[in-house]
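Laboratory data are not the source of any read-out in this text; all were calculated from the coordinates shown. Every value quoted in this text rests on a predicted model; they were computed, and no experiment measured them. For neighbour counting, all protein chains shown are included, and Cβ atoms are generated from backbone atoms with ideal geometry for every residue, glycine included.
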Amino acid sequence: MTFTEHLFQSIQGIYQRILAHPFLRGLTDGSLSEEAFRFYVIQDALYLRDFARGLALLAAKSPEDAWVVMFAEHAKTAIEVERALHESFFQAWRLTPQEVYATPPALNNLLYTSYLLRVAYERPYYEGLGAFLPCYWIYWEVGKALEREGSPHELYRRWIDTYASEEFGGVVRQVIAAMDQVAQELTAAQKARVEEHFVMTSRCEYLFWDMGYTQQRWII
């Protein structure tokens with residue numbers, strides 16, 4: 001078993017709860033309200049700005065030139081390619097970029113991005129890699145799982161197809177391969193720290209979809 005296979009095995013309980021979450025079930029059977037999906041997409045657009053900044057930090061810390069290039073490219077992709085997906089939704093909803101980016105982040109969004117940025121900034125590169133990997137990997141697995149079921153809703157199918165695509169899968173494989181290569185030089189204690197971050201941000205992935213489903217608001 002590779003190190004990344006071990007990591008994904010460690011979150012099987014979390015991952016199964018993600019797949020069973022009514023937000024994702026609602027994407028495939030069409031029962032998710034478009035209002036909840038719109039809330040999620042807006043929050044995801046806000047999330048991606050900080051995610052891209054975190055990837056830029058990983059690029060700066062990476063010991064391999066190839067990884068510097070990879071994470072710098074991924075930071076660009078997060079802003080350009082995934083933003084293009086979001087903006088196609090915003091056009092359908094007649095939302096302007098100004099309206100979207102003036103939206104305050106929801107609590108779960110803020111907690112997640114704050115954690116990612118803190119790890120990327122303060123901790124060694126391998127810990128940052130462990131923290132960022134679930135966002136790649138879980139979305140790919142979710143996309144593939146949901147694609148097998150399909151969706152009667154055109155916007156939801158577009159979202160599913162993006163993350164189930166071979167293009168996105170190729171990006172994810174790059175990061176998985178980097179993590180496995182890094183792990184060869186890590187001590188048991190260092191691997192344990194990577195796993196702690198991997199589990200924590202996998203929990204954050206669940207909470208992010210839950211945030212969208214409940215349309216989480218600040219209560220004070």
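Quick look at the numbers
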read-out	value
Region 56-140: GluC sites (Glu not before Pro) in DSSP coil with no more than 12 other Cβ atoms inside 10 Å	Glu64
Region 165-220: trypsin sites (Lys or Arg not before Pro) in DSSP coil with no more than 14 other Cβ atoms inside 10 Å	Arg217
The chain: relative contact order in percent, alpha carbon pairs under 8 Å with at least 6 residues between	34
Those lysines that a straight Cα-Cα span of less than 22 Å connects to Lys191, excepting residues fewer than 8 apart in one chain	Lys61
Kirkwood Rh in Å, taken over region 91-175 so that all alpha-carbon pairs contribute	15.2
In order through region 20-28: 3J(HN,Hα) via Karplus (6.51 cos²θ - 1.76 cosθ + 1.60), integer Hz, x for Gly, Pro	8, 5, x, 4, 6, 4, x, 5, 7
Geometric extent, Cα atoms of the chain - Rg, Dmax (angstrom)	16.9, 52
Loop-resident sites, region 59-149, for trypsin sites (Lys or Arg not before Pro), counting at most 12 other Cβ within 10 Å (DSSP)	Arg94
Partner lysines for Lys144 [C-alpha distance under 26 Å; skip if fewer than 8 residues away on the same chain]	Lys76
Convex hull projection area averaged over all views, region 1-116, Cα basis, nm²	9.2
Kirkwood Rh (inverse of mean 1/r, distinct Cα pairs), region 116-220, angstrom	15.3
